[in-house]
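The values are calculated or read from the model by the stated rules, or taken from the named source; none is laboratory data. Quick caveat, the model's predicted, so the values are computed rather than measured. Every residue, glycine among them, receives a Cβ derived from its backbone with ideal geometry; neighbour counts consider all protein chains shown. We work out accessible area using only protein heavy atoms, side chains counted, and drop any ligands, DNA or RNA first. Shrake-Rupley method; radii C 1.70, N 1.55, O 1.52, S 1.80 Å.
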Amino acid sequence: ALSTELVRFDMQAMENPGISGVAYQQGTLAGYELREYLLEKWGHKCIYCDKEGVPLQVEHIHARANGGTDRPGNLGIACQPCNQKKAARDIKAFLKKDPARLTSILAQAKRPLKDAAAVNATRWVLLNRLKATGLAVEACSGGRTKFNRCRLYLPKTHALDAVCVGDVAAVAGWRRPTLAIKATGRGAYQRTRLDKYGFPRGYLMREKFVKGFQTGDMVRATVTKGKKIGTYVGRLAVRASGSFNIQMGKEVVQGIGHQYCTMVQRADGYGYWFNMDSTISAGAGHASRAALSLPGMNAGISRAKA
């Protein structure tokens, strides 16, 4: 069976939180949908200090004490120290020494809800594709996922978010690594490396294959002599000389000869690794991720940055 987030933002309630009947309709999930929207809108970081990986609070850009409303255009997210420091002060006075940030916040706050409308429109396509598999499909909101995770005191990871989708009574045995798959692409067309001024500083090879290998291949290298004796398994970065680099999680081993490499999997445009995030304790924060994607790639991730 499949459980998926049928992501939907209640734009009417977001624009007018005081609309009649909203409290009754939302029940125990009240506020979760709006907070999820705000986290996505502001990039999961404090709007005043850019701090990430800490509890973030809903912040009224124009304080309610000064006539500010609960409409999403007047809401941001802030860490507790910044929220308390600003208090009911006018944002222009609070950020008078940082006019660039002030301009950015005010512009972002006025961003329309067209992104929420786009999600609302495309969610049915995803649901219909899942139904076409023939499996039983349970469709729930992202707010319920967060509600379940908070209720069960689980840490914030992509895998545990997936566990918390839908009707969940309890979660046990979750401290285990999960297999993560990320789209990395099959390389880049750009053959010239540029410096920060836009001038060329180096050139990449025109050939993709070297000694039968290409960048992105998963290999096992068993080195039998020299300073790097040992076995290494990871993603390959080829060099014209035949001396390759192997990326193993956060560690890169350089200068491994091609003669020691055995193919495990051809590059298929995806990176695979065991993600240890799910083994952390509740409230322990964010675990760093193994970087198995190709250099220079910046594939998007799902909502709710881990």
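Some points to look at:
- Residue check, GLY143 in a strand (DSSP E or B) and of a type outside the set (D, E, K, R): no
- Yes/no for ARG35 being modelled with pLDDT under 85, open to solvent by 70 Å² or more (accessible area, probe 1.4 Å) and in contact with a strand residue (DSSP E or B) (Cβ under 7 Å, 6 or more places away or on another chain): yes
- Going through (1) loosely packed, with under 13 Cβ neighbours inside 10 Å; (2) without any contact (Cβ under 8 Å) to a residue 60 or more places away in the chain; (3) of a type in the set (Lys, Arg) one by one, ARG220 falls short only on (1).
- Yes/no for ASP161 being open to solvent by 70 Å² or more (accessible area, probe 1.4 Å), in contact with a strand residue (DSSP E or B) (Cβ under 9 Å, 6 or more places away or on another chain) and in contact (Cβ under 8 Å) with a residue 24 or more places away in the chain: no
- Elements of type strands (runs of 3 or more DSSP E) contained in region 194-261, each with 1 or more residues being closer than 23 Å to ILE181 by Cβ and of a type in the set (Phe, Trp, Tyr): 230-237
- Qualifying residue in region 131-139 (condition: touching a strand residue (DSSP E or B) at 6+ places or on another chain (Cβ under 8 Å) and assigned to a helix (DSSP H, G or I)): yes
- Test: residue in region 168-175 that is closer than 28 Å to ARG235 by Cβ and touching a strand residue (DSSP E or B) at 6+ places or on another chain (Cβ under 8 Å): no
- Residue, surrounded by the most Cβ atoms within 10 Å (Cβ to Cβ), within region 128-147, restricted to residues that are without any contact (Cβ under 8 Å) to a residue 12 or more places away in the chain and of a type in the set (D, E, K, R): LYS131
- Helices (runs of 4 or more DSSP H) wholly inside region 55-113 containing at least 1 residues that are surrounded by 14 or more Cβ atoms within 10 Å (Cβ to Cβ), without any contact (Cβ under 8 Å) to a residue 60 or more places away in the chain and under 26 Å from the mean Cα position of the chain (by Cα): 80-86, 99-109
- When ARG64 is tested against the conditions (1) modelled with pLDDT of 90 or more; (2) farther than 28 Å from CYS140 by Cβ, the lone failure is (1).
- Flag if ILE181 is modelled with pLDDT of 90 or more and not in a loop (DSSP other than H, G, I, E, B): no
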